[in-house]
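The values are calculated or read from the model by the stated rules, or taken from the named source; none is laboratory data. In this text, all values refer to a predicted model and were calculated from it rather than measured experimentally. Quick reminder, even Gly has a Cβ in these numbers, built from the backbone with ideal geometry, and neighbours come from all protein chains shown.
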Amino acid sequence: MPTNDEVSALIKIAVKQSIANFAKKSLKKKAKFQILDLLIPKERKIRSIVGGLEGSLGTTLWEPLAKVLAAGNGFQVIDADLEAPANIPANLSSVLQTIIADRNDGGILYSATESHEAIQKVCQSFIKSPLTAFGKAPNGSGVDIWLVKDGINYFFDVKTVQPNLSSLKSCLKQVLTWYAYFYARNPTGTAQARIVFPYNPDPEKSFWNVVIGGGKPLEKDTEAWVGNQFWNFCSGVENTFEIIEASFIALRESGELEAELNQLLS
């Protein structure tokens, strides 16, 4: 298990590399001319980088950071995506759609655990009659982070910390679809899937008391993690998000990242 200092060092390196790489890619794109380019060209470039970064924090920052921390904690990081059955069998499709409809309607028949178990159970028929044709999953059903440890496959997707009802329903469908794809190919395997909200934007209150509808139809803990639930899991160290915050501040105060960005902007 890594120490706090080792985790902090990993965070600083990952954050610096991620932001610098994003800035390089952003500056390579030819931006449309605006009259302010003649007055404050550097500031215009900074605004473009920051705006793009804000809109892509999940893939640009949180995802690579989680993978670095997990690798340092003995997880195998899978650099691939779950494949979908070329033709989802009728029995699996029927169960999946029934669960989604029930959960969106208040979860009268299925809890998060029961949903997972029902999908796993219907896929047991594929032990004797394995599915052989798999291909790229449809857009919107991919996995951001796939980790493996002690024979358990973990699937995560990092989302905005201010979801609306529509996005929460999409999150639920995503989690359940991951289980369907995984067990269709690995009916005797073990998987755990979570949607990740990387931090609580209002630390004075519970995330689940503030988020619309209490996060439903997504179920907290069993289908979604917030802040340190996820970061501690990845790193193996308590209060990892506080270490992330401290590392951000240390990077700012050291000026390392600013110096690298200034060099790119000059």
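Mind checking whether some residue in segment 197-213 is in contact with a Cys (Cβ under 6 Å, 6 or more places away or on another chain) and of a type outside the set (D, E, K, R)? No - not one qualifying residue is present in segment 197-213. Taking first residues from segment 109-123 that are closer than 19 Å to Thr188 by Cβ and partners that are surrounded by 14 or more Cβ atoms within 10 Å (Cβ to Cβ) and of a type in the set (Gly, Ala, Ser), the Cβ contacts under 6 Å between residues at least 6 apart in sequence or on separate chains come to Ile119/Ala180; Cys123/Ala184. Quick check on Ile212: is it loosely packed, with under 14 Cβ neighbours inside 10 Å, of a type in the set (A, V, I, L, M) and in contact with a Ser or Thr (Cβ under 6 Å, 6 or more places away or on another chain)? Taking the combined requirement at face value, the residue does not satisfy it.
With respect to the conditions (1) over 19 Å from Ile13 (Cα atoms); (2) not in a loop (DSSP other than H, G, I, E, B), Glu204 lacks only one, and its number is (2). Of Ser111, Ser94, all but one fail to be under 25 Å from the mean Cα position of the chain (by Cα), of a type in the set (Ser, Thr, Tyr), at pLDDT 95 or above and assigned by TED's automatic domain parsing to the domain that holds Arg185; the exception is Ser111. Every condition in (1) at pLDDT 95 or above; (2) over 25 Å from Gln76 (Cβ atoms); (3) over 18 Å from the mean Cα position of the chain (by Cα); (4) of a type in the set (Ser, Thr, Tyr) is met by Ser170 except one, and the failing one is (3).
Scanning segment 214-233 for residues being closer than 19 Å to Asp105 by Cβ, in a loop (DSSP other than H, G, I, E, B) and among the charged types (D, E, K, R) gives a total of 3. Taking the criterion of being buried (at least 20 other Cβ atoms within 10 Å of the Cβ) and within 11 Å of the chain's Cα centre (by Cα), the residues of segment 64-75 that qualify are Leu65, Ala66, Lys67. Among the residues making up segment 163-201, those that are free of Cβ contacts under 8 Å to residues at least 40 places away in the same chain and surrounded by fewer than 19 Cβ atoms within 10 Å (Cβ to Cβ) are Ser166, Ser167, Ser170, Asn186, Gly189, Thr190, Asn200. Which ones in segment 193-210 are touching a strand residue (DSSP E or B) at 6+ places or on another chain (Cβ under 7 Å) and within 17 Å of Asn228 (Cβ to Cβ)? Those that are touching a strand residue (DSSP E or B) at 6+ places or on another chain (Cβ under 7 Å) and within 17 Å of Asn228 (Cβ to Cβ): Arg194, Ile195, Val196, Phe197, Pro198, Asn200, Phe207, Trp208. Restricted to segment 132-151, and to residues there that are touching a residue at least 12 places away in the same chain (Cβ under 8 Å) and farther than 19 Å from Glu83 by Cβ, the residue that is surrounded by the fewest Cβ atoms within 10 Å (Cβ to Cβ) is Gly151.
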